[in-house]
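Asker: Once you've had a glance at the structure underneath, I'll fire off some questions.
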Amino acid sequence: MGQLVAIDTLLRDARLWRGQPVLVPEINSRATGHAALDASLPGGGWPAAALVEILFASDGLGELSLLLPTLAALSSQAKPIVLVAPPYLPYAPAWQNAGLRLAQLQVIEANASDALWAMEQALRSGCCGAVLAWPTKADDKSLRRLQVAAETGQTSGFAFRPIAAQSNSSPAPLRLVLKSSGDAPQLRMIKCRGALPPATAIAFAAHAQH
Amino acid sequence: MLWACILLPQLALDAVLRRHPTPELPLSLISGPVQRRVLLDVNTAAHALGLVPGMGLLAAHAIAPRLLAIDHVPREDENLRSLLAAWAYRYSSMVSLEGEDAILIEVEASLGLFGPWPQFERKLRDDLQMLGITHRIALAPTPMAACVFAAAHDGYALTASTNMRQALAQIPLSLARIDPPVVTALAAMGLKKLRQVMALPRDGLARRFGPGLLAHLDRLSGDRPDPRLCYRPPDVFEQRIELNYEISHHPALLFPLRRLVNDLAAYLAGRDGGVQRFVIALEHEDHADTDAVVGLLAAERDPARLFDLARTRLERTTIPAPIRALRLIARELPPFIPAGRDLFDDRPAQAMPWPALRERLRARLGEDAVYQLAAHPDPRPEFALRRLPQLLKEPAPVSLPPRPTWLLPRPMPLRDNALKILAGPERIESGWWDGGDIRRDYYVVQTSLGQRAWAFRPAGVNEGAWMLHGWFA
């Protein structure tokens, strides 16, 4: 007899196919704050202990608004939100208006290789609410390290990468692509552990404040 | 009162061995004038080869050619002993140094806190073992008797003063901490044990040996009070390790560094304090000292964590010349407040609290690498942000017209022929008082790529080039 597994734990696992497409909410997930995105994610939200890759075509498409509701919720639980080597200055008043508590926002300045190390440390430590990073030198191996660190520390990691990395394989369980089509930005899911990524774009209101 | 005596029979040798990377090789401590160097003490390996203290260095080298001879520096013994006193201070407020080789601790008042004596004694021995100190411990109602018992029977504990005379009677005179000339004179009279001396008439003893011997005997038995000067821990920690050979690469520094940091942690635990900032100074032969400063945002005293930080900091320090000695100086010793952890915390077991993670990041990436942001009430976007090492209080939110989440460090030209204005203009005109005068009309615009940007034109100008200042990401 190997390990005893309770049946309800098994049933909650999104990887188990039960003959009919029933969506069982995963306990380890966190609502994204965007209804359409929540509906297409298998757990009904961001996976809580995994690396999420967000591939975006250019700045200003709403790549941060995708996360801001989650970050705001996490920061009100007094968990540090860590930004590792952000590409620009986070403009504090705007972040605060989005509901984020600035006292929980921590910014780490690092060069490309130190940024990967810092992100891994932050994920592994298990004390952060979310770790956001903009790795420029990430390859398959370093992403795998980050994914393992996220699992070890039970922390959500978000890696923002250029859209050119879309065709490379990646160990991240969830990969989203954000690009513009005409007027509105378009969000697509290209990989999702535990479910088939939807074929169509996900409705996403990037700039709710206007 | 009950006094525990910790006797340090080979303090000088321990001071050398504990910082030596290979204590298992034959090693000796030498002293005396240059013409006639003699062995002061030898370690176990050297003793096994037949070397004994008092032997000439030439003779010792003839027996063991690979013997490592180290000069005895009395100052180092004193340093080690005051470190041990600082360590002992955590167990009692009354710690006293006796002679050159003993530390006395008043333990009766501490027994309630640290458990009955056997348990307490084990705690003391465990600590001393970790610090790498050879020791003998005994307990007695008077300080002098405790020292004598420690020399006679390691581990002896006498708690009732009624049995004092009986217990003392068996002690040989040579161990009774009586002046050596007096011991020789008494031995010449055929007296070998304390019992025999205590049985002699007091007036005769006083006439022959002066009042000193009687006073010593009375202090031993507790008939005469024995007031002691209590040890006061210093407010600055400074420890130095001289290296036997010059070191010019980092890995070899780790061993002495670990010793220094462990000593610091022992000292901090003794005064129930933490350290906020310390300096590791590397001393060179013909070069100014290299200082590696380890600064923390919150007080810390965990030896493993301090070592981790010190090591990372040292690894980033370049070594300009071979290192002769290592010094650790800690001046800022604020009270230590241990971090509380929730009983029902469901974080993984190996989790590291944020302050510890922050220190680790700062140690590798630099002092200013981790920061927080606060809004500053300046209408100019460039000046509306403040970088702080630590934001203790959540600032009150300010209500402003739409602001971007990303701000460019400095505005740059935005070239796009199909810009769409979504909101604006918002005029920002300020800064005449400090020379950073700006007059701008800010707009929220959408680029042809679908990006939402925050851009401006000079105030009052409705056409022409745009300057990009932020992204609504």
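Asker: Counting pairs of Cα atoms in the protein assembly as shown, how many percent are more than 33 Å apart? If you can, show how the numbers build up before the last one.
Answerer: Numbers: 148046 of 232903 pairs.
When every Cα pair of the protein assembly as shown is considered, 64 percent fall beyond 33 Å.
Asker: Starting at the first residue of region B:123-137, write each ³J(HN,Hα) from the Karplus equation 6.51 cos²θ - 1.76 cosθ + 1.60 with θ = phi - 60°, in whole Hz, x for Gly and Pro.
Answerer: With the stated coefficients, region B:123-137 comes to 4, 4, 5, 4, 4, 5, 4, 5, 7, x, 10, 6, 8, 10, 10 Hz.
Asker: Let me confirm one metric for peptide B:353-363, namely the mean number of other chain beta-carbon atoms within 10 Å of its residues' beta-carbons.
Answerer: Details: counts 3, 10, 1, 2, 11, 7, 0, 4, 12, 1, 0.
Rounded to a whole number, the mean comes out at 5.
Asker: Among the residues of region B:399-416, which ones have their accessible area go down by 40 Å² or more when all the protein chains sit together, as opposed to their chain alone (1.4 Å probe)?
Answerer: B:Arg403, B:Thr405, B:Trp406, B:Leu407
Asker: Based on alpha-carbon centroids, what's the gap between region B:181-200 and region B:73-104 in Å, whole number please?
Answerer: Cα centres, region B:181-200 to region B:73-104: 31 Å.
Asker: Also, I was wondering about something else. For B:Leu422, what residues show an amide H to amide H distance below 5 Å, using hydrogens built from the backbone and excluding near sequence neighbours?
Answerer: B:Val444, B:Val445, B:Gln446
Asker: Another question, then. How many Å² of accessible surface get buried when B and A come together, counting both sides, probe radius 1.4 Å, rounded to the nearest 100?
Answerer: Numbers: alone 25760 and 11200 Å², together 32400 Å².
That pair hides around 4600 Å² of surface in total.
Asker: Hey, another quick one. Considering the options B:Gln239, B:Leu131, B:Gln446, tell which one lies farthest towards the positive end of the dipole of chain B, charges being +1 on Lys and Arg and -1 on Asp and Glu at the Cβ, about the Cα centre.
Answerer: Positive-end residue among those listed: B:Leu131.
Asker: Taking the Cα centre as origin and putting +1 on Lys and Arg beta-carbons and -1 on Asp and Glu beta-carbons, what dipole magnitude results for region B:151-284, to the nearest 20 debye? Spell out each step's value before the answer.
Answerer: On the way: 17 positive and 13 negative charges, 145 e Å.
In total the dipole reaches around 700 debye.
Asker: Right, another one. Working from Cα positions, state the angle (0 to 90°, nearest 10) between the long axis of helix B:211-221 and the longest principal axis of chain B.
Answerer: That works out to roughly 70 degrees.
Asker: Using a Förster radius of 25 Å, what is the FRET efficiency between B:Glu463 and A:Ala205 based on their Cβ-Cβ separation? Nearest 0.05, please.
Answerer: Values: r = 32 Å, r/R0 = 1.26.
FRET efficiency, B:Glu463 to A:Ala205: 0.20.
Asker: Further question: What is the distance in Å between the Cα centres of region B:113-168 and region B:276-327?
Answerer: Computed from Cα coordinates, the inter-centre distance equals 38 Å.
Asker: So, with +1 on the Cβ of K and R and -1 on the Cβ of D and E, and no other charges, what is the size of the charge dipole of chain B about its Cα centre, to the nearest 20 debye?
Answerer: Working: 56 positive and 53 negative charges, 86 e Å.
The calculation lands at about 420 debye.
Asker: Compute the distance from the alpha-carbon center of region A:31-75 to that of region B:377-424, in whole Å.
Answerer: 23
Asker: Putting +1 on Lys and Arg Cβ atoms and -1 on Asp and Glu Cβ atoms, find which of B:His20, B:Tyr156, B:Ile63 reaches farthest to the positive end of the dipole of the protein assembly as shown.
Answerer: Of the listed residues, the answer is B:Tyr156.
Asker: List the lysines whose alpha-carbon lies under 23 Å from that of A:Lys79, not counting same-chain residues fewer than 8 positions away?
Answerer: B:Lys393
Asker: Taking the Kirkwood radius as the inverse of the mean 1/r across Cα pairs, report the Rg/Rh of region B:1-55.
Answerer: With Rg and the Kirkwood Rh in hand, the quotient comes to 1.10.
Asker: Between B:Met198 and B:Asn79, what is the label-point separation in nm under the 7 Å Cα-to-beta-carbon projection?
Answerer: About 4.2 nm separates the two model spin labels.
Asker: Quick one: with all protein chains in place, what share of the accessible area of region B:129-263 is carbon or sulfur, to the nearest percent (1.4 Å probe)?
Answerer: Numbers: 3840 of 7100 Å².
C and S atoms contribute 54 percent here.
Asker: How many Cβ atoms of partner chains, on average, are near each residue of B:465-471 if near means within 10 Å of its Cβ? Could the numbers behind the result be given before it?
Answerer: Details: counts 0, 0, 0, 2, 1, 6, 10.
Mean shielding by partner chains, rounded to a whole number: 3.
Asker: Still on this structure, I have one more. Quick one: of the DSSP bridges fully inside region B:25-74, what percent are antiparallel, nearest 5?
Answerer: Values: 5 of 9 bridges.
Within region B:25-74, antiparallel bridges account for around 55 percent of the total.
Asker: Oh, and also: Given a 1.4 Å probe, how much area per residue of chain B is accessible, in Å²? Walk me through the intermediate numbers first.
Answerer: Working: 23460 Å² over 473 residues.
Spelled out: the 1.4 Å probe surface of chain B, per residue, equals 50 Å².
Asker: Which percent of the accessible area of region B:12-92 is formed by carbon and sulfur heavy atoms (probe 1.4 angstrom)? Mind dumping the intermediate values first?
Answerer: Details: 2410 of 3890 Å².
It is 62 percent, rounded to a whole number.
Asker: Indicate the residues belonging to region A:41-69 that lose 40 Å² or more of solvent-accessible heavy-atom surface (probe 1.4 Å) upon moving from the chain alone to the assembly of all protein chains, ignoring ligands and nucleic acids.
Answerer: Buried on complex formation: A:Asp59, A:Gly60, A:Leu64.
Asker: Something else about it: Counting only other chains, and only Cβ atoms inside 10 Å, what mean value do you get across the residues of A:169-182?
Answerer: Numbers: counts 0, 0, 0, 0, 0, 0, 0, 0, 0, 0, 2, 7, 1, 1.
Per residue, the number of nearby Cβ atoms from other chains is 1 on average.
Asker: Related question: Of B:Met94, B:Met144, B:Met55, which has the most accessible area with a 1.4 Å probe, and how do the rest follow in descending order?
Answerer: Values: B:Met94 60, B:Met144 15, B:Met55 40 Å².
So the residues, ranked largest to smallest area, are B:Met94, B:Met55, B:Met144.
Asker: Could you list which residues have their amide H under 5 Å from that of B:Leu414, counting only those 5 or more apart in sequence or on another chain, with H placed in the peptide plane?
Answerer: Those lying under 5 Å, H to H, from B:Leu414 are B:Trp466, B:Met467, B:Leu468.
Asker: Just the accessible area per residue of region A:1-151, please: how many Å² with a 1.4 Å probe?
Answerer: Numbers: 6270 Å² over 151 residues.
Ligands and nucleic acids excluded, the result is 41 Å² per residue.
The values are calculated or read from the model by the stated rules, or taken from the named source; none is laboratory data. Only a predicted model underlies this, so the values are computations on that prediction, with no experimental measurement involved. Heads up, the Cβs are rebuilt from the backbone with ideal geometry, glycines too, and the neighbour counts pull from every protein chain shown. Accessible surface areas use protein heavy atoms only, side chains included; no ligands, DNA or RNA. Shrake-Rupley method; radii C 1.70, N 1.55, O 1.52, S 1.80 Å.
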